[in-house]
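Read the structure below first, then the notes.
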């Protein structure tokens, strides 16, 4: 579950304003099997966004993102591999909003 995100037929998304530098944490606990944990987390960040400080623990993954342009939509993907060898992807969209 991605807290603070909205959901539509294409998946999870969140509006962000240009100039923002925010951390995004994905909670994988609802997907992980009992006793399993995240061993590797990788982020696919589209051109235009800058990522930093990726990290993960047993059941969540975090990345910091900046560089949003108003009017642009970006799809960010987190791929995790678990200690048991399961691999899963979780995408979300960032929608650049203009300052009013």
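The values are calculated or read from the model by the stated rules, or taken from the named source; none is laboratory data. This is a predicted model, so every value here is computed, not measured. All Cβ positions, glycine included, derive from the backbone under ideal geometry; neighbour counts span all protein chains shown.
Laid out as a table, the results:
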| quantity | calculated |
| --- | --- |
| Tally, over the stretch 19-33, of residues that are without any contact (Cβ under 8 Å) to a residue 40 or more places away in the chain and surrounded by 11 or more Cβ atoms within 10 Å (Cβ to Cβ) | 3 |
| All positions within the stretch 42-89 that are surrounded by 18 or more Cβ atoms within 10 Å (Cβ to Cβ), assigned to a strand (DSSP E or B), within 13 Å of the chain's Cα centre (by Cα) and touching a residue at least 40 places away in the same chain (Cβ under 8 Å) | 63, 65, 76, 78, 80 |
| Qualifying residue in the stretch 7-29 (condition: over 20 Å from residue 93 (Cβ atoms) and assigned to a loop (DSSP other than H, G, I, E, B)) | yes |
| Residues (surrounded by 14 or more Cβ atoms within 10 Å (Cβ to Cβ) and modelled with pLDDT under 95) located in the stretch 90-100 | 97 |
| Flag for residue 36 being surrounded by 14 or more Cβ atoms within 10 Å (Cβ to Cβ) and either outside any strand (DSSP E or B) or within 16 Å of the chain's Cα centre (by Cα) (or both) | yes |
| Scan of the stretch 1-14 for residues that are touching a residue at least 40 places away in the same chain (Cβ under 8 Å) and surrounded by fewer than 13 Cβ atoms within 10 Å (Cβ to Cβ), ordered by number | 10 |
